[in-house]
Structure formats: C-alpha cells, structure tokens
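See structure below.
The values are calculated or read from the model by the stated rules, or taken from the named source; none is laboratory data. Note that the structure is predicted; figures quoted are calculated from it, not measured. Quick reminder, even Gly has a Cβ in these numbers, built from the backbone with ideal geometry, and neighbours come from all protein chains shown.
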Amino acid sequence: DLKEQAKKKAAVAAVDEHVKDGMILGVGSGSTIVYAVERLVERVEQEKLKVVCIPTSFQAHQLIVQNKLLLGSLDTTPILDCAIDGADEVDSDLTLIKGGGGCQTQEKIVASCARKLVIVADYTKDSKTLGEQYKKIPIEIIPLSHVPVSLKISDRFGGKTQLRMGKMKAGPVVSDNGNFIIDWFFPEGITDWKSVHEYIKLIPGVVETGLFVNMAEMAYFGLSDGSVKTVT
Ligand code: DER
C-alpha cells in the first residue's frame, strides 16, 4: 500500500546515500527500519561491504542477527559514523517525536554516539509542528514513579498521561530496559520543545523522553506520489 511503499522508498534512499564500506552504523527500531535493513543486506552482499551494526532495541538486535549482519556494541565501537532510525513525527526544525515502539531510550543513546542521525519515514510523519499528526510523547520511567511523574507533567504542562498497557501481555508494557512507558497527550501551543524535554527529563524517575531535539541531521520522507523528499 502507499504508506509501506513510501517507507520503503525513504529507507532505500537513505541507505544508498549514507551507507559506506567500513562504517559503524546504528540500526533503529520500528517498521520503516526493516526496509532499510533489507536494502543494507542487498548492498552488503552485492558490494561486499563491511558494516558493523549497532542495535537500538531487542527488535533491532534480532534484525541484525537474523539478517547475518555484523553485530557490534557501544562497548567496542562507542563512536558511530551514522545512525538510521524512524520517527513518529518530524517538525520543520527536525525535532522528532520517537518512541511509538517504546524504544526511544536506547535509540537516543545510540543516536547520541553517532556523527549523524538520519531519519527515514513516510509522509504521515512529515509535519510543520509537532502534534499535527502524532498526539503523544512517549516517556520511559522507572516503574515505581509512574503516578508522581504523570502528575508532575500534567500539573506543569497540562494535557493528559496514560500508562502504556500491553496488548499481548497483561499489565503495563515493559521496555527493553525493564521500565514502564507513559504516553503524554500534550496540549496545543507548545513550541519550545527543548525546555519541555529538559524539564521532564529532570523529574526524578524519568529515564528518557521521546523528544529528540537538535539531534537529527536529515530526514528522508517517502511521499504518497512515490517520490522522496529530503529535509536537512
Ligand atoms: O519507536 C520508535 O522510536 C520508532 O522508531 C518509531 O518512532 C517509528 O516507527 P515506524 O517506522 O514503525 O513508524
């Protein structure tokens, strides 16, 4: 369908432009990144590339291992040439909402170790301002703190919070790091995402927010007409 084709086009364009022989590559999480890994496997095989892949989740780890790509870690390669990842929404400043898949904590760590973060997404993620298409910001928190953290966020900024509950598992979703995730349905009119992120990040119990501010170098959007738009 259109959206899947758009995701694939963005992913292929990003891999073709940014993956080079000998590089250390951060591999993101979600569904769009699967197309990027498929294209990476093609290129590694066709061009005999040596690319060490650093995972950002159990899902990414499985993708790397199942596709017989070279698996690395931040222990051995703490500086990456590039990280390719998805996003839930991207604004005109390349501020991202991530964490739709609950993986934002390791994604942000890996992205922070990469010389450049390249985002791959379909047209439903391409917004002028955050909130146009994606209505919540995932926040990973230490389980015992989920009620007080939720109260502090809604007291300070408004909106409403929801503890993310499992679908195929009874009780709350547990992240790859053993934590809970709060989804904050934020109010309209917020513009200074940097200070919102910094405030929330400092609330005791917060592990990481899904706000990626001033981190992405560029974004590839697959459009509904089959073309790819890049934003830097
Ligand atoms: O959870 C995440 O951060 C994912 O990268 C998400 O933001 C994008 O997932 P998608 O490619 O399946 O839309």
All positions within the stretch 36-60 that are out of contact with any strand residue (DSSP E or B) (no Cβ under 7 Å at 6 or more places or on another chain) and closer than 23 Å to Ser175 by Cα:
Ser57, Phe58, Gln59
Could you please find all residues in the stretch 37-93 being in contact with a Ser or Thr (Cβ under 6 Å, 6 or more places away or on another chain) and of a type outside the set (A, V, I, L, M, F, W, C)?
Thr56, Ser57, Gln59, Gly86, Glu89, Asp91
Filter the stretch 16-58 for residues that are of a type in the set (S, T, N, Q), assigned to a helix (DSSP H, G or I) and crowded, with 20+ Cβ neighbours inside 10 Å and give the result.
Thr32
Keeping to the stretch 111-132, report how many residues are in a helix (DSSP H, G or I) and within 11 Å of the ligand (Cβ to nearest atom).
3
Find all pairs meeting these conditions: Cβ atoms under 7 angstrom apart; at least six residues apart or on different chains; first residue within the stretch 134-154 and among the small types (Gly, Ala, Ser); second residue not in a loop (DSSP other than H, G, I, E, B).
Ser150/Thr161; Ser150/Ile182; Ser154/Lys160; Ser154/Thr161
Would you check which residues across the stretch 1-23 are in contact with an Asp or Glu (Cβ under 7 Å, 6 or more places away or on another chain), closer than 20 Å to Asp88 by Cβ and not basic (Lys, Arg) and list them?
Ala6, Ala10
If I ask for residues that are small (Gly, Ala, Ser), within 16 Å of the ligand (Cβ to nearest atom) and part of a loop (DSSP other than H, G, I, E, B), which ones from the stretch 59-99 would you list?
Gly86, Ala87, Gly99
Which listed residue, of Ala13, Ala6, is of a type in the set (Gly, Ala, Ser), at pLDDT 95 or above, over 24 Å from Ile109 (Cβ atoms) and surrounded by fewer than 22 Cβ atoms within 10 Å (Cβ to Cβ):
Ala13
Somewhere in the stretch 100-110, is a residue part of a loop (DSSP other than H, G, I, E, B), surrounded by fewer than 18 Cβ atoms within 10 Å (Cβ to Cβ) and either more than 9 Å from the ligand (Cβ to nearest atom) or not hydrophobic (A, V, I, L, M, F, W, C) (or both)?
no
Could you list, in sequence order, all residues of the stretch 52-72 that are free of Cβ contacts under 8 Å to residues at least 40 places away in the same chain, under 19 Å from His18 (Cβ atoms) and of a type in the set (S, T, N, Q)?
Asn67
